[in-house]
1. Which far-off residues, 5 or more places away or on another chain, put their amide H under 5 Å from the one on residue B:127, with H placed in the peptide plane?
2. Excluding residues on the same chain fewer than 8 positions from residue A:89, give the aspartates and glutamates whose Cα lies under 17 Å from its Cα.
3. State to the nearest 20 debye the size of the charge dipole of the protein assembly as shown about its Cα centre, where the only charges are +1 on K and R beta carbons and -1 on D and E beta carbons.
4. Note down the relative contact order for chain A as a percent, whole number, built from C-alpha pairs under 8 angstrom at least six residues apart.
5. Beyond 30 Å between alpha-carbons counts as too far, so tell me which of B:165/B:277; B:60/B:165; A:45/B:43 fall in that bin.
6. So what are the protein assembly as shown's ellipsoid semi-axes, whole angstrom, largest first, if each one is the square root of 5 times an eigenvalue of the alpha-carbon gyration tensor?
7. First check a/c for chain A, with a ≥ b ≥ c the square roots of the eigenvalues of its C-alpha gyration tensor; if it is under 1.5, answer rounded, and if not, answer prolate when a/b is larger than b/c or oblate otherwise.
8. Please give the average number of partner chain Cβ atoms lying within 10 Å of the Cβ of each residue in A:212-223, rounded to a whole number.
Amino acid sequence: MNTVIALSQVVIKELYRRKDFYVLFVLTAVITLALASANLFNDTKIVRYLKEVVLLLIWISALVIAITTTARQIPAERENRTIFPLLAKPVTRGQVILGKFLGCWLACGIALVIFYLFFGLVSGSRERSWDVLGYVQGLWLQWVMLGIVISLVLLGSVTFTAPSSNATITFIVVVGILLLGRHLNQAALQQVEPLRTLIYTIYFLIPHLEWYDVRDFLIYDHRLVGWANCALATLYAALYAALLLFATWVVFRRKALNL
Amino acid sequence: MSTRRQSALILLSLAAACFALATTLQPRATAWSSRGDSASILKVLLGDGRRLFADYFFEKADVYFHSGYYPSIFDRNQAPKDTRHMTAEEDSPAEKEHEEKMNFLATPRDWLERFGRHFLITEHTHLSGGNEREILPWLRLSAELDPQRIDTYTVAAYSPRDMGKVSEAEQFLREGLRANPGSYEILFELGRLYQQNYHDARRARNVWELALRRWQEQQPGKKEPDLLALTDIAVNLARLEESAGNLERAIVYLELARQHSLQPGPLQQQIEELKRKAGRK
């Protein structure tokens with residue numbers, strides 16, 4: 001476990017050394033402040049549009065950070081040939097994968113905490129109330145969802161040749177699931193066989209990332225999602241992440257490390 | 001003269017020349033572009049495609065009005081077709097009809113969908129208690145993108161009026177009227193604002209009479225004339241005349257409304273009542 005934690009710390013250090021997070025955070029802050037300064041019918045209590053924009057930017061930024069950070073982990077180790085001294089420590093390939101996963105996931109968690117603090121400040125300063133539990137729930141579910149995304153990217157990084165193709169394909173898949181995942185069963189029923197069975201199978205196979213998007217609850221000040229349902233969704237995500245990490249390990253343990 | 005002073009002088013004269021040139025060219029440039037000062041960056045960037053975005057933002061306002069409970073692209077045929085529910089009173093027929101239409105969530109088809117419903121907003125509610133203001137940013141944006149979309153002005157003016165921001169609502173309606181000088185809908189809303197918020201019957205009458213003239217200029221030849229708007233204008237004018245004591249004129253307006261109303265019965269009763277009153281006088 002110590003080896004895995006040590007490996008993850010390297011990834012976290014990489015996050016704050018690189019400029020990706022800072023650029024995305026500053027961009028989010030600048031856009032938000034520009035929108036907040038707009039005068040709408042001389043009414044300073046209008047806040048939901050601002051919450052929506054900030055949350056959208058947080059989701060985009062978190063996905064970009066998760067995918068780009070994870071996609072370059074294993075290819076960079078192979079390209080720089082640092083994978084050989086790493087495996088000679090001795091560190092197993094399974095530990096490398098777990099360390100990279102944990103590092104990327106924790107790094108995303110740190111980034112999310114900062115983003116949600118900013119979101120809390122923006123919405124709280126306008127609404128004069130802080131829905132702390134709502135923010136915590138939104139953050140947790142998003143972080144759990146990123147766990148699946150990171151595992152998917154790790155699998156992509158041992159399958160695809162270039163980090164760029166891996167990042168692009170994963171981004172399309174993730175956005176596709178977020179937008180259409182919920183409706184696939186409905187779309188399947190409108191098709192004829194065998195397309196119907198095929199789409200329905202895809203519907204059952206894909207991880208339903210859209211469940212973790214509870215932005216609407218935060219924007220429209222709805223009551224929270226039940227904590228029992230949150231726990232079940234967390235378990236669902238943990239199972240998918242474990243499955244994807246296992247698949248990554250199966251591919252990676254037989255993979256030649258020379259480029 | 002030192003080189004530094006020389007450079008400073010050259011810079012100053014260049015700046016003066018630039019300023020003079022800018023003041024000469026600016027009016028000409030405006031004329032060349034034929035867009036005038038009103039052309040916003042969005043218009044220039046998006047061209048006619050901005051109407052699509054305007055529709056999207058108008059729908060976004062409706063999503064906000066329903067606090068996120070809204071049909072997806074897969075339930076499109078159940079999306080609200082008009083905007084009456086956004087300005088309808090509670091328990092009104094328009095509101096009840098809308099309530100039935102918005103029951104679009106069918107029984108879950110499988111366990112995944114059933115579980116997924118916990119992470120969706122599944123209650124049909126409308127914004128209230130001053131929260132109606134939350135739809136305004138999207139309507140403002142929609143109006144910027146498509147100033148010819150009349151619904152945007154009439155719906156947007158409703159919330160600020162309700163919250164006591166009457167001058168802001170009037171300003172927005174006037175903006176709409178400048179972009180759509182022939183709109184009887186905007187004129188009718190403006191009349192309501194004068195009557196209900198400013199209690200200025202004279203201006204309300206002038207504006208409603210103009211709205212009626214505009215309706216009569218535009219609608220009679222149409223296949224499906226906007227009879228609801230005509231009834232609204234005529235009934236409101238009748239009320240105004242009745243409270244001013246002009247019962248004959250009130251009867252004329254009520255007759256007009258009755259001829260085009262889907263429920264002429266109550267209007268006929270009111271006409272008879274007014275005739276009795278007029279006879280007594």
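1. When sequence neighbours closer than 5 places are left aside, the close amide H contacts are B:67.
2. Within the straight-line limit of under 17 Å, residue A:89 reaches these aspartates and glutamates: A:77.
3. Values: 61 positive and 53 negative charges, 416 e Å.
It works out to roughly 2000 debye.
4. Relative contact order of chain A: 27 percent.
5. Values: B:165/B:277 38 Å; B:60/B:165 23 Å; A:45/B:43 28 Å.
From B:165/B:277; B:60/B:165; A:45/B:43, over 30 Å: B:165/B:277.
6. Details: eigenvalues 636, 237, 80 Å².
They are 56, 34, 20 Å, listed largest first.
7. Details: a/c = 2.08, a/b = 1.36, b/c = 1.53.
It is oblate, given that a/c is not under 1.5 and a/b is not larger than b/c.
8. Numbers: counts 1, 2, 4, 1, 8, 4, 0, 5, 11, 3, 7, 1.
Mean partner-chain Cβ count within 10 Å for A:212-223: 4.
The values are calculated or read from the model by the stated rules, or taken from the named source; none is laboratory data. Since we're looking at a predicted model, the values are computed, not measured. All Cβ positions, glycine included, derive from the backbone under ideal geometry; neighbour counts span all protein chains shown. Keep in mind that these areas ignore ligands, DNA and RNA; they rest on the heavy atoms of the full protein, side chains included. Shrake-Rupley method; radii C 1.70, N 1.55, O 1.52, S 1.80 Å.
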